[in-house]
Amino acid sequence: HRQQRGSAEIEVSQDDLAHLLGVSRQVVNQALTAWRREGWLALGRGRVQLLAPERLAALAGQPRA
């Protein structure tokens with residue numbers, strides 16, 4: 001992973017993320033697309049750049065409903 005001006009870039013495929021999380025690639029794609037629309041991350045081929053890591057961390061800390 002690479003750190004740039006308050007953001008972090010992770011080289012990982014959606015397939016790998018899905019495997020690590022135990023969910024389908026479609027679920028990963030839907031979440032990443034929604035977070036991209038929010039401006040929390042940028043997507044590239046085989047990489048995810050976290051633009052708002054504090055927002056994603058807060059989301060991760062929320063209990064599931």
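The values are calculated or read from the model by the stated rules, or taken from the named source; none is laboratory data. Note that the coordinates shown come from a computational prediction; the quantities given were computed from them, not determined experimentally. When the accessible area is computed, the model is the full protein with side chains, heavy atoms only, and any ligands, DNA or RNA have been set aside. Shrake-Rupley method; radii C 1.70, N 1.55, O 1.52, S 1.80 Å.
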Q | Of all residues in the range 5-28 being among the hydrophobic types (A, V, I, L, M, F, W, C) and assigned to a loop (DSSP other than H, G, I, E, B), the one that is least open to solvent (accessible area, probe 1.4 Å) | A | VAL12
Q: Report whether or not ARG64 is modelled with pLDDT under 95, among the basic types (Lys, Arg) and outside any helix (DSSP H, G or I).
A: yes
Q: Considering only the range 29-57, state which residues are part of a helix (DSSP H, G or I) and open to solvent by less than 60 Å² (accessible area, probe 1.4 Å).
A: ASN29, ALA31, LEU32, THR33, ALA34, PRO53, LEU56
